[in-house]
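Take a look at the structure set out below.
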Amino acid sequence: MSSWKRTEVRRGREYLVQPVSATSAQKEYVCPGCGGTVLPGTAHVVVWRADGVLGDEADLASRRHWHNHCWSIA
Ligand SMILES: [Zn+2]
């Protein structure tokens, strides 16, 4: 994981966005934006709700891995 994260708002909700570098991406994930696979070695972002309505544990469990492009157009 990279050392910094940022907050972004989508559809009125606040999300935390954590960039993952290509060298840190070592597993496959399903991107919620396109339904495709985020392949190992692909720089991407991890996104989760920042408003905490579900509680911190649920927020962490709901983290999703997105292609950079898919998140940018979400
Ligand atoms: Zn995608």
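The values are calculated or read from the model by the stated rules, or taken from the named source; none is laboratory data. Values in this document were obtained by computation on a predicted structure and should not be read as measured data. Note: ideal-geometry Cβ built from the backbone for every residue, glycine included; neighbour counts use all protein chains shown.
Here are a few things to note about the model shown:
- Within this structure, Gln18 fails the test of being more than 15 Å from the ligand (Cβ to nearest atom) and assigned to a loop (DSSP other than H, G, I, E, B).
- For the stretch 28-74, the candidate set comprises residues that are among the small types (Gly, Ala, Ser), loosely packed, with under 13 Cβ neighbours inside 10 Å and part of a loop (DSSP other than H, G, I, E, B); within that set, the residue that is nearest to the chain's Cα centre (by Cα) is Ser62.
- Check on Trp48, within 15 Å of the ligand (Cβ to nearest atom) and either out of contact with any Phe, Trp or Tyr (no Cβ under 9 Å at 6 or more places or on another chain) or modelled with pLDDT of 85 or more (or both): no
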